[in-house]
1. So what's the angle, to the nearest 10 degrees on a 0 to 90 scale, between helix 102-136 and the longest Cα principal axis of the chain?
2. Which of the lysines could a cross-linker span from residue 30 if the Cα-Cα distance has to be under 21 Å and same-chain partners fewer than 8 positions apart are dropped?
3. Give me the 1.4 Å probe accessible area per residue for the chain, excluding ligands and nucleic acids, in Å².
4. Which of the following values of Rg and Dmax of the Cα atoms in Å was calculated from the structure shown: (i) 18.6, 57; (ii) 20.5, 62; (iii) 21.6, 82?
5. Under a point-charge model restricted to the Cβ atoms of Lys and Arg (+1) and Asp and Glu (-1), what is the dipole moment magnitude of segment 65-153 relative to its Cα centre, in debye to the nearest 20?
6. Once the Cα gyration tensor of segment 17-63 is found, what semi-axes does its equivalent ellipsoid get, as square roots of 5 times the eigenvalues, in whole Å, sorted largest first?
7. How about residue 163: which lysines have a C-alpha closer than 30 Å to its C-alpha, ignoring those fewer than 8 places off in the same chain?
8. In percent, how large is the relative contact order of segment 1-65, given Cα pairs closer than 8 Å and 6 or more residues apart?
Amino acid sequence: KELEEEGNVPIRMIEDDSLDVDATAQLAWKHGRSYHLIKYRNKTPGIIPHLLAHELEHLALELEARAAGCNRFFVTTAATREQAIRSISSDISRLQSTGMAEDEITQYVLFVVNGLALQLYNMPIDMVIEQRIYERFPALRTSQVASLYSQHRDSLQALEDPKVQSHAPREIWRANVTLNCAMALFVDHLYAGKTAF
């Protein structure tokens with residue numbers, strides 16, 4: 001309610017179990033709508049309060065940044081994607097030598113490059129958001145730690161998957177591991193050693 005009043009834009013929340021992520025916020029001005037839309041998966045009911053709070057904090061931070069005149073929107077461009085793809089050319093050659101079809105390689109390379117860009121853009125702000133939730137909403141800490149544990153478990157499962165390890169371009173793999181380690185250290189710090197991610 002506070003965010004709706006502050007931004008003078010209604011917020012709708014809907015369950016969408018077809019999402020590839022746990023939750024997402026689609027802000028009105030980015031999607032040409034008269035309302036903000038928050039979608040979430042209902043895979044684990046205990047983490048939904050945290051997921052919703054997290055997406056609402058994305059909105060809150062963007063409203064604060066817009067009010068201060070310092071909001072930024074980070075995106076890749078054709079040039080930055082091309083540079084990223086060129087930087088992993090030896091890994092692309094390795095995938096070609098396995099007999100993987102060219103269209104599969106193209107799809108996979110775009111997927112990992114875009115995935116890393118999203119991780120680079122989102123993880124620092126996600127840490128800020130988790131700190132804000134922890135400090136401002138103590139009643140959500142149980143949901144928060146369960147949600148962060150779920151995210152950590154999913155990331156770890158992907159990182160330990162031998163197929164992911166063998167296919168992933170080395171530079172992207174190292175960056176992904178590094179960012180996940182940074183988030184794990186952050187959560188351990190946030191919870192003052194009560195977690196050991």
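The values are calculated or read from the model by the stated rules, or taken from the named source; none is laboratory data. None of the values given here were measured: they were computed from a predicted structure. We place every Cβ from the backbone using ideal geometry, glycine too, and count neighbours over all the protein chains shown. Calculation scope for accessible area: heavy atoms of the full protein, side chains included, ligands and nucleic acids excluded. Shrake-Rupley method; radii C 1.70, N 1.55, O 1.52, S 1.80 Å.
1. 30 degrees
2. Straight-line reach from residue 30, under 21 Å: 1, 39.
3. Per residue, the chain has an accessible area of 60 Å².
4. (i)
5. Result for segment 65-153 is approximately 460 debye, rounded to the nearest 20.
6. Computed over segment 17-63, the values are 20, 13, 7 Å.
7. Once the sequence-local lysines are set aside, what remains near residue 163 is 43.
8. Relative contact order here is 33 percent.
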